[in-house]
């Protein structure tokens, strides 16, 4: 058994697809029309068989209050592992990505928090020890 897909709830699927591919570097794994929305997933292009991220529409009534509360409290929805947080921070800032927390050394991990433009905060993490 393995973790196949995780969901991130987004305000706009197309904007999310653009951000997650052009800024974060993921690749589209699935893009299937489903009425007003799509089954839209992205994946690490170097590991196409790895866990996919489903960019889910934020339509369920329970989702907006939950995600909005996380953002209001500055809590990232998920953590993305990177080899070098400072290098990713510099690369993403150059692409116009907004960070709510710059790279911060927290002991065994260096973290930074960014806004995905689709209603979520995401944490970058580099484990150092």
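What follows draws every value from the coordinates through simple rules; no lab data is involved. Quantities reported herein were computed from a predicted structural model and do not represent experimental measurements. All Cβ positions, even for glycine, are placed from backbone atoms using ideal geometry, and neighbour counts span all protein chains on display.
Between residue 84 and residue 34, take the C-beta separation as r, use R0 = 35 Å, and let me know the FRET efficiency to the nearest 0.05. Computed FRET efficiency for residue 84 and residue 34: 0.40.
Look at 20, 89 and count the other Cβ atoms within 10 Å of each Cβ; fewest to most, that gives 89, 20. The helix-based estimate of mean residue ellipticity at 222 nm for the chain, built from -39,500 (n - 2.57) per DSSP H run of four or more residues and divided by its residue count, is -5500 deg cm²/dmol to the nearest 500. Expressed to the nearest 5 percent, the antiparallel share of DSSP beta bridges inside the chain is 65 percent. To the nearest ten degrees, helix 63-72 and the longest principal axis of the Cα atoms of the chain are 20 degrees apart. Pairs of Cα atoms nearer than 8 Å and 6+ residues apart set the relative contact order; for the range 1-65 it is 39 percent.
Take the alpha carbon gyration tensor of the range 1-107, find the square roots of its eigenvalues, order them as a ≥ b ≥ c, and report rounded if a/c is under 1.5; if not, report prolate when a/b exceeds b/c, else oblate.
Because a/c hits 1.5 or more and a/b fails to exceed b/c, the range 1-107 counts as oblate.
Debye-formula intensities of the range 1-62, expressed as log10 I(q)/I(0) at q = 0.16, 0.24, 0.25 Å⁻¹, are -0.48, -1.01, -1.07 (one equal scatterer per alpha-carbon, no solvent). Mean separation of Cα pairs under 8 Å and 6 or more residues apart, divided by the residue count, gives the range 11-129 a relative contact order of 22 percent. By the count of neighbouring beta-carbon atoms within 10 Å, fewest first, 1, 106 end up ordered 1, 106.
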